[in-house]
Amino acid sequence: MATLGQIVDSLEAALFTGREREMTVLRAWLRDTTSAPPRIVNVTGPAGMGKTALVRALHREAVGGDREGAVVDLGSIDPSPDSLLAAMAGTGQGDVLARINASRPLIVLDQFEPSGALSGYIHDELLPGLDAGVKVVISGRRPLNEAWARHGVWNALVHPMPLAGLLRGEARAYLGARGLTDARVVAQILQATGGHPLALALAADMTTQLGIADFGAMAEWRLVVSSLAGRLLQEVDDGELRDVIQACSLVRQFDESVLGAVSGRGHVSDAFDRLCHLSVVRPSGHGLALHDDVRHIVAADLRWRNPERHRQQRRQALAHYRDRLNRAVSPEQRGWLVSDCFYLLESELLHQWAFDRHERQGSWVDKAAGEGRQDALRLLVTLGSSLRCSDEELSPDTLAALLEHAGTDVRILRDADGVASAFCLVVPVSGETMPLLPPAGVELMRAYWSEDDLAALPRCSADSTAYLVSRVVGPPAAEGGPEAAALARDILGIYARGGTYFLSTSSPVDQTVARILGYERLPEAEVRPAAGGMPVDGLVLDLSLIGLGPWLEAVIEGRPPPRALRPADVERELRAVLVGWRDDAVLERSPLVGLVPCLSGDAAPDRAAALRAGLLDALATARAEAGEGDELAYRAVELAYLDGSVSNERAAERLALSRSSFYRALRRGVSGINAVLCRS
């Protein structure tokens, strides 16, 4: 009859899913008897990340393969050398280390803490006394490399194995093993937990035990998230530092200035220094970042417990990014600031597209030059018909010509070995490039621009402020998934340039992302490929008319961006507002609200008053810049539209103008205000 221990092991084995990458590495390491020097595997990650489950799975396989082994929970034994040795090798006769070295077992030291009572003994006495054939795994929240940084040689023996949340397929397999097969409930759990192993286990427990049919509506889950957040931050006993960490959870990465702005605290240097030493924090490209899975859960807890604070801190983060954008000079800095702004947008699809927590490790974006650019062409040809990309959208011949043009910005996603897996082009629109562009792109520009606009294009690409952005070209099965997240995030940074962006694409994912970003679809620019297939949509985002700041603010807040108004459109809308000057409803609906900076984010009841104030400022500016001969024009505007107490005939009499002269003056005044608005 099986023992209780064997039954528990059997249940654990049945529920252990995923971690195939880690287990493949660990199996190879366990079999390897020739490597010099030997390796100590260091499994790390925040609480609940599945460290213990992984090392116990390794132990089961080792013992099942007739290798001796022991898993020692350092948190549950007496913190003394004798207790540790007894847990590793039992209480037999003779020298314990000699017995261990003779059998060369697998030793797993779980729940290791660098500051724990046994840390010094393990480093100074236990490990130096073990035979090189003994396989040692040490798991804990913090990497050994930090604790042993001053011991250079020992540091070189450590093989780090940081754990992240389970991949989507792995998480689905786990839920399937728990008997959860309802696609709707599974999708809700995956969204709520983000693949965090402990969160998945708790969600599965609640769903199966309570018979929940709609996990998204289960209020009890909020309490579980709050408990999880507390467990993840169990090493933080300072309330103020916990508040700062909650602020960190709303942004992708942070330095001291971001931390201060989002938390609302004036001096955060001490807090930033303390964050550097927490296991839930890791270095990032531009400062520090919370571990992805920790960030997901802590932010969800804050959103539920204090939604107003959550909204306020998101607004503070956006205001800080906009301020830094205004001061940033480097294109690289402006690019990552704009990209990080979009982390604040609470869109599941955009986060999956550009910020997926399971993106491929080691991937990087190559701003390709020279021969490396040709990898894009090789990839397009290799993908062939599976890409479902028509010649009208992007043919190999068109791509080859664009790659030859020095001004084409080629961005290639490469894996850790440098192999190209996806790419995107950003082509400046100019007299040089118009003959090179794909037919769908040219059709889009002709639909948006007039013949005069096209004739006025700069001859040289270096002088262009308009860009054709290609679709993301990569394996169709990976479209919109974590594999290309690094490239998608990099693409978001191009909008820091401002200007006008054209996108011709048949990709449903790219079309959806474009709508989220505020692109306008032009139905007349749709192209139906001659050889059949998906129609190519034409979309435009004109930041030269909208403005980078108003666009960012609107999109991040989930509002449609201000309409891209050309001078003729602005003047038409200005006349409509002047005619309805005293009607708040007319002013609140006016597209001109996007041209008045103080309106951004204001509540609807204030928008009419703010628009009036903005237009009065524009009138004052136009009047101050005008010559004496134009004063009558602005007086005509005031009497005809703003005063409202006299008819146009009486207004003409007051100005001593004929009726025709009065209307000419009125048109001149409106045009002057329009010029100020367009300039702003």
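The values are calculated or read from the model by the stated rules, or taken from the named source; none is laboratory data. Since the model is a prediction, treat every value here as computed from it, not as a measurement. Cβ placement follows ideal geometry from the backbone for every residue including glycine, while neighbour counts extend to all protein chains displayed. Note: areas computed on protein heavy atoms with side chains; ligands, DNA, RNA excluded. Shrake-Rupley method; radii C 1.70, N 1.55, O 1.52, S 1.80 Å.
General remarks:
- Radius 10 Å from Cβ of Ser507, net charge of other residues (Lys, Arg +1; Asp, Glu -1): -2
- Computed lengthening from Ala86 to Gln191, 0.36 nm per intervening residue step minus Cα-Cα distance: 33.4 nm
- Calculated FRET value between Arg654 and Glu451, using beta carbons and R₀ = 45 Å, to 0.05: 0.55
- Close amide H contacts of Gly69 (hydrogens built in the peptide plane, cut-off under 5 Å, sequence separation of 5 or more or a different chain): Leu106.
- Relative to one another, the C-alpha centroids of segment 41-79 and segment 429-502 are positioned 52 Å apart.
- Packing-based order for 110-120, 486-496, using average beta carbon neighbours within 10 Å, highest first: 486-496, 110-120
- Simple Cβ-charge dipole of segment 510-564, Lys/Arg +1 and Asp/Glu -1, about Cα centre, in debye nearest 20: 80 debye
- Computed 3J(HN,Hα) for segment 240-250, one whole-Hz value per residue from the Karplus formula 6.51 cos²θ - 1.76 cosθ + 1.60 where θ = phi - 60°, is 5, 5, 5, 4, 5, 5, 4, 5, 4, 5, 8, glycine and proline marked x.
- Seen against the Cα atoms of the chain and their longest principal axis, helix 439-448 is set at about 50 degrees.
- With Cα atoms, 0 to 90° folded angle of helix 374-383 axis to the chain main axis: 80 degrees
- Rg to Rh, two decimals, where the chain supplies the alpha carbon set and Rh follows Kirkwood: 1.07
- FRET efficiency, Ile77 to Glu348 (Cβ-Cβ, R0 41 Å, nearest 0.05): 0.40
- Accessible surface of Trp449 - all protein chains present, 1.4 Å probe, nearest 10 Å²: 40 Å²
- When both bridge partners sit in the chain, DSSP labels roughly 55% of those beta bridges antiparallel.
- Residue-level accessible surface for Arg607, protein heavy atoms, 1.4 Å, Å²: 40 Å²
- Dipole moment magnitude, nearest 20 debye, the chain about Cα centre, only Lys, Arg, Asp, Glu C-beta charged: 620 debye
- Relative to the dominant Cα principal axis of the chain, helix 183-193 is inclined by about 90°.
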